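**Student:** The structure is given below, and queries will be raised subsequently.
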Amino acid sequence: MILVEEITIEEFRGIRKLTLSFKGKNFAVCGPNGTGKSGVVDALEFGLTGNISRLSGGGTGAISLKKHAPHVDSRDYPEKAKVTLSLRIPSLKDKRVTLERNVRDANAPTITPSTPEVLEVLKQLENHPEFVLSRRELIAYVLAQPGKRSEEIQALLRLDQVGELRSALKTLSNACSKEDIALKKVSVEARDHLARALEIPELETEKLIEAVNVRRTILGLTTIEELAGTTSLHDGLKTGTKSAITFKVNKTEATSDLKTAKEAMAKLTTADTTKDCADLHTQITALSADPTVADSVSREKFLQTAISFISEAACPVCDTEWDIDTLRDLVETKLKKFEEATKTRTALEKRLEPITELLQELDGALAAIEKHSKTIATEHTSKLSTYRTALTPKIKALRNFLPLTETLISLHDVTVIPSEVAEAIAAVEAAVIAIPEPTQQEAARDYLILCQDRLETYREAARDAKRAEEHATLAQSVYDVYVEESNKVLEGVYKQVEDEFGGYYRFINNDDEGAFSAKLTPSMGKLGFDVEFYGRGHFPPGAYHSEGHQDGMGVCLYLALMQRLQGSNFTFAVLDDVLMSVDTGHRREVCNLLKEHFPNTQFVLTTHDEVWLKHMVSAGLIGATNSVHFSNWTPDHGPAEWLSRDIWTEIDEALKDGDVHTAASVLRHYLEHIFKDICHNLRAPVEFKGDGRYELGDVLPPAVKRFKDILLDGKKVAESWGRTDDAKLLEEREKILAESFRASSADQWQINPAIHYNEWANLTAADFTPVATAFHNLVEKFFCNKTECAGLYYLAITPPKTFDALRCACGETNINLKKK
Amino acid sequence: MDTKQPNNPVTGVPKQAFEHFLIELEKKGVSPDVVARLKKTIIDQGDVSDGAIKAALFPDNNTAV
């Protein structure tokens, strides 16, 4: 993976032009909300992957990278919006690489050098855009519903393929199972057909051989001893003679068909069937009379149908992507509300089933009679076809059950067979009887030919059914093995993540949660996440833990997941304002966690809390010069940094333009910012404010007083050591400081409102210029005057509160505060 | 023209899961040919689509599924 040395951002998001030097080390971006921090995060993500997830994820509506990544004033020039990254690749012997990417050609960055090994590293990065952790992910990991959390974490761990394969295997298994059932039915029908042709009640090999051998003996053919897969029932029969009958209808077959049809009619019109139909009609009438119950049955049936159509990872109606198990669970949960409706519907459908089967049987039998009728009783054919046409919707209505009105109409007269049908059957029967009886030999020949024909049909159906059964068994078995094995692997992964997460969290909360543990519990499509709460048991993170603890959990979980996902390749991460609620007491531990557990990972952290930034610096997570502090943002100029030299130039330029308002505003905001820093560095006592909002009047006087006291203390210490020259110099510095303070008139604020900073914006440029100059002089007293250092003075402290010295970063200033 | 994008070989946790799955399939007595075809499809080619899995399991295509 990579380390970022430097980033230059041009005309991108809210930034006009900005260069930040990370030096391959941890870096912090600090600033109030709306000052451009997220622009830096977006630029890093865009530069490294060509994408900005905030502009391309769900819920972004009409916002797009192409249209909205460029600065608003360059929206029509996406080629101007670009990010240039200077990278170092540790795995390639710290090779330096420059990557430049503009929004117009987001997928075609210019990479120098573009050797295959460099491209491979950058491609890996494109494939792992999860190096940015924002509050969105943090919430998704910690506080989301188990299904959503599972989605997010699976996406982070690249587990989508695991789910996709499970879905594909399930789809295949379902389809094979359906085919197996359908082909089994076809096979059973073919078997029944054969049995009827053989004129035996059940298809058994011995009985088949016996029946066939009777006919073969009549024909003088050798008997069959066994029935193999290729045995021909009419083996040895004179070829070229399909049937001895000269008529178009085979009398034997037609007689058999007539018998079947009459039996089917008789079964449908028995007293029992008629009574069943009447009872069902009464019950369904009562059901449909209650609109609430009828509606429940309709909804329940719809949901049942929906479940049967869920065979892939998408809604069967609108194709919205879903995890297949989550969608099934959702529909099943809805179905539970209709348990009574399910019972009612299932019971009625079960009673309708035999009636539907009788109708289907009759329809099949009449189809055969209709075929004969077309040859030997044509004038009666329409009677049969008319009835069969009417029968089809009845069968469909009874099978579908809904709508109930159609079921009721069908049930009303389903057992009444029109007399025309009986007439047609009688006519066909009469015509069949009229066909001359075949001789015994002809009958035997016809028998063997018909049975062989049906045997072939049955064999083919049985082969298809067997193959479908094998496929279904294999597909089911493969699916079962996959589910079991992938679950084992995932459980192992989650266990590792769980252990690492717990370890990290204990590290940062060792003072009060040293026995903390967590449980990640995967189940079909979900990922439960419970955390231990002070020995009281495991609960969801949001149940009892504070927001600050939850933030800490989110970061720990992210780090554990990244460690599991990338291992030693986890060299770069952006933590975008994700630690804002971590309390002061645990910030140092968070810094130590990142420093000690991830020494090879470069973190870019953003925060709107400047105290947090100070913690990062003082804990050594961020180098003294490895941060940027944005003061404000304007659409014309983008984020403004708190850089001293730029501030005074900015004020001078504003005054030259006569813009006192801007000059006053910049000066006041800068002084508030810098004197807060000075108070922090010098441990100046400031009157506490609950809301943490300190104005210039709150921080400037205490900072100056504290610095003066330090200089005077330094003078006394120098005297105690006999260093009179140093003592004199310090006394001189204290006087100069006091003079600068007086020159700024800040000592008069309390008694002279006319010179108060609230009034600066009302001054003329001529009046405000000396004010700015005076404050420039005053502020400079708190900085090292060496150009290469230019750092703020700070107190070197031996904990808890021993002030050792006043120093600057370069060591030029080192005022001893420890007396002899 | 075939516009289908080639899939990348599987890596990371998915690869681990798929490998365990294939080893266990062989242990369960599933034909080595089937296992080899599945390996080629899901690990080497990174293709876990319905069609690819069907072709790997039933290469003779004699199913209406």
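**Student:** If we keep just the residues of the stretch A:150-169 that are more than 23 Å from residue A:51 (Cα to Cα) and not aliphatic (A, V, I, L, M), which is modelled with the highest pLDDT?
**Tutor:** Per the stated criteria, the residue is A:166.
**Student:** Could you list, in sequence order, all residues of the stretch A:150-177 that are at the interface with another protein chain (Cβ under 8 Å from one of its Cβ atoms) and out of contact with any helix residue (DSSP H, G or I) (no Cβ under 7 Å at 6 or more places or on another chain)?
**Tutor:** Matches in the stretch A:150-177: A:164, A:175.
**Student:** Residues in the stretch A:703-727 that are β-branched (Val, Ile, Thr), buried (at least 17 other Cβ atoms within 10 Å of the Cβ) and more than 60 Å from the chain's Cα centre (by Cα): how many?
**Tutor:** The number of residues fulfilling the criteria is 1.
**Student:** Under 6 Å by Cβ, and 6 or more places apart or on different chains, what pairs join a residue from the stretch A:263-276 that is exposed (fewer than 13 other Cβ atoms within 10 Å of the Cβ) with one that is among the charged types (D, E, K, R)?
**Tutor:** none
**Student:** Run residue A:645 past the list (1) part of a helix (DSSP H, G or I); (2) modelled with pLDDT of 85 or more; (3) more than 22 Å from residue A:587 (Cβ to Cβ) and report the number of the one that doesn't hold.
**Tutor:** Unmet condition: (2).
**Student:** Provide a single number: the residues in the stretch B:31-61 that are more than 7 Å from chain A (Cβ to nearest Cβ), outside any helix (DSSP H, G or I) and closer than 26 Å to residue A:464 by Cβ.
**Tutor:** 4
**Student:** Just give me the residues in the stretch B:17-29 being buried (at least 18 other Cβ atoms within 10 Å of the Cβ) and either at the interface with another protein chain (Cβ under 7 Å from one of its Cβ atoms) or closer than 23 Å to residue A:128 by Cβ (or both), in sequence order.
**Tutor:** Answer for the stretch B:17-29, where residues must be buried (at least 18 other Cβ atoms within 10 Å of the Cβ) and either at the interface with another protein chain (Cβ under 7 Å from one of its Cβ atoms) or closer than 23 Å to residue A:128 by Cβ (or both): B:17, B:18, B:20, B:21, B:25.
**Student:** Can you tell me how many residues in the stretch B:11-47 are more than 22 Å from residue A:492 (Cα to Cα) and hydrophobic (A, V, I, L, M, F, W, C)?
**Tutor:** Qualifying residue count, the stretch B:11-47: 5.
**Student:** Just give me the residues in the stretch A:671-709 being free of Cβ contacts under 8 Å to residues at least 40 places away in the same chain and under 19 Å from residue A:737 (Cα atoms), in sequence order.
**Tutor:** Result: A:672, A:675, A:679, A:684, A:685, A:698, A:699, A:702, A:705, A:706, A:708, A:709.
**Student:** Then there is this: Can you tell me which residues in the stretch A:489-514 are more than 9 Å from chain B (Cβ to nearest Cβ), of a type outside the set (A, V, I, L, M, F, W, C) and part of a helix (DSSP H, G or I)?
**Tutor:** Once the filter is applied, which keeps residues that are more than 9 Å from chain B (Cβ to nearest Cβ), of a type outside the set (A, V, I, L, M, F, W, C) and part of a helix (DSSP H, G or I), the stretch A:489-514 yields A:491, A:494, A:495, A:496, A:498, A:499, A:500, A:502, A:503, A:504, A:505, A:506.
**Student:** Let me ask something else. Which members of the stretch A:668-683 meet the condition of being buried (at least 22 other Cβ atoms within 10 Å of the Cβ) and over 47 Å from the mean Cα position of the chain (by Cα)?
**Tutor:** A:682
**Student:** Considering only residues of the stretch A:582-611 that are in a loop (DSSP other than H, G, I, E, B) and not aliphatic (A, V, I, L, M), which is surrounded by the most Cβ atoms within 10 Å (Cβ to Cβ)?
**Tutor:** Top of the filtered list is A:601.
**Student:** I'd like the residue in the stretch A:475-488 that is free of Cβ contacts under 8 Å to residues at least 24 places away in the same chain and not hydroxyl-bearing (Ser, Thr, Tyr) and, out of all such residues, is farthest from the other protein chains (Cβ to nearest Cβ).
**Tutor:** A:480
**Student:** For the stretch A:1-89, which fully contained helices (runs of 4 or more DSSP H) count at least 3 residues that are closer than 26 Å to residue A:598 by Cβ and modelled with pLDDT of 85 or more?
**Tutor:** A:37-49
**Student:** Residue A:308: over 30 Å from residue A:426 (Cα atoms) and modelled with pLDDT under 85, yes or no?
**Tutor:** Answer is yes for this residue.
**Student:** Can you say whether residue A:691 is over 24 Å from residue A:808 (Cα atoms), under 50 Å from the mean Cα position of the chain (by Cα) and either assigned to a helix (DSSP H, G or I) or not β-branched (Val, Ile, Thr) (or both), as far as the supplied structure shows?
**Tutor:** It is true that residue A:691 is over 24 Å from residue A:808 (Cα atoms), under 50 Å from the mean Cα position of the chain (by Cα) and either assigned to a helix (DSSP H, G or I) or not β-branched (Val, Ile, Thr) (or both).
**Student:** What are the pairs, 6+ residues apart or on separate chains, where a residue within the stretch A:763-786 that is part of a strand (DSSP E or B) has its Cβ under 9 Å from a residue that is of a type in the set (Lys, Arg)?
**Tutor:** If the second residue must be of a type in the set (Lys, Arg), no pairs are left.
**Student:** I need the strands (runs of 3 or more DSSP E) fully contained in the stretch A:515-581, keeping only those with at least 1 residues that are closer than 22 Å to residue A:596 by Cβ and touching a Leu at 6+ places or on another chain (Cβ under 9 Å).
**Tutor:** A:518-523, A:572-576
**Student:** Just checking, which of A:568, A:546, A:517 is of a type in the set (Ser, Thr, Tyr), within 14 Å of chain B (Cβ to nearest Cβ) and surrounded by fewer than 20 Cβ atoms within 10 Å (Cβ to Cβ)?
**Tutor:** Testing whether each residue is of a type in the set (Ser, Thr, Tyr), within 14 Å of chain B (Cβ to nearest Cβ) and surrounded by fewer than 20 Cβ atoms within 10 Å (Cβ to Cβ) leaves just A:568.
**Student:** While we're here: Across the stretch A:305-319, what is the total count of residues that are surrounded by fewer than 18 Cβ atoms within 10 Å (Cβ to Cβ) and more than 17 Å from residue A:168 (Cα to Cα)?
**Tutor:** So the answer is 3.
**Student:** Restricting attention to the stretch A:770-815, which residues are more than 19 Å from residue A:714 (Cβ to Cβ) and polar (S, T, N, Q)?
**Tutor:** The answer is A:773, A:777, A:787.
**Student:** Identify the residue in the stretch A:321-353 that is in contact (Cβ under 8 Å) with a residue 60 or more places away in the chain and not aliphatic (A, V, I, L, M) and, among all such residues, is farthest from residue A:308 (Cα to Cα).
**Tutor:** Among residues in the stretch A:321-353 that are in contact (Cβ under 8 Å) with a residue 60 or more places away in the chain and not aliphatic (A, V, I, L, M), the one farthest from residue A:308 (Cα to Cα) is A:351.
**Student:** Within the stretch A:760-778, identify whether any single residue is polar (S, T, N, Q), over 30 Å from residue A:627 (Cβ atoms) and at pLDDT below 90, and answer yes or no.
**Tutor:** yes
**Student:** Continuing with this model, one more query. Would you mind telling me which numbered condition in (1) more than 19 Å from the chain's Cα centre (by Cα); (2) surrounded by 14 or more Cβ atoms within 10 Å (Cβ to Cβ) residue A:528 fails?
**Tutor:** Result: residue A:528 fails condition (1) only.
**Student:** Let me ask something else. Does the stretch A:311-328 hold any residues that are more than 26 Å from residue A:292 (Cβ to Cβ) and either more than 14 Å from every other protein chain (Cβ to nearest Cβ) or at pLDDT 80 or above (or both), and which are they?
**Tutor:** A:315, A:316, A:318, A:319, A:320, A:321, A:322, A:323, A:325, A:326, A:327, A:328
**Student:** Right, here's the next one. Could you check residue A:596 against (1) modelled with pLDDT of 90 or more; (2) under 28 Å from residue A:10 (Cα atoms); (3) not polar (S, T, N, Q) and say which number it fails?
**Tutor:** Going through (1) modelled with pLDDT of 90 or more; (2) under 28 Å from residue A:10 (Cα atoms); (3) not polar (S, T, N, Q) one by one, residue A:596 breaks only (2).
**Student:** Go through the residues of the stretch A:393-404 one by one and say whether even a single one is more than 30 Å from residue A:161 (Cβ to Cβ), among the charged types (D, E, K, R) and at pLDDT 90 or above.
**Tutor:** There is at least one residue in the stretch A:393-404 that is more than 30 Å from residue A:161 (Cβ to Cβ), among the charged types (D, E, K, R) and at pLDDT 90 or above.
**Student:** So, one more: Need a quick list: helices (runs of 4 or more DSSP H) entirely within the stretch A:345-448 having at least 2 residues that are among the basic types (Lys, Arg).
**Tutor:** By residue number, A:381-400.
**Student:** Name the residue, out of A:437, A:469, A:460, that is loosely packed, with under 14 Cβ neighbours inside 10 Å and either in contact with a His (Cβ under 6 Å, 6 or more places away or on another chain) or within 14 Å of another protein chain (Cβ to nearest Cβ) (or both).
**Tutor:** Within the list A:437, A:469, A:460, the selection yields A:460.
The values are calculated or read from the model by the stated rules, or taken from the named source; none is laboratory data. Owing to the predicted nature of the structure, the values given are computational and were not obtained by experimental measurement. Note that each Cβ is placed from the backbone with ideal geometry, even for glycine, and that neighbours are counted across all protein chains shown.
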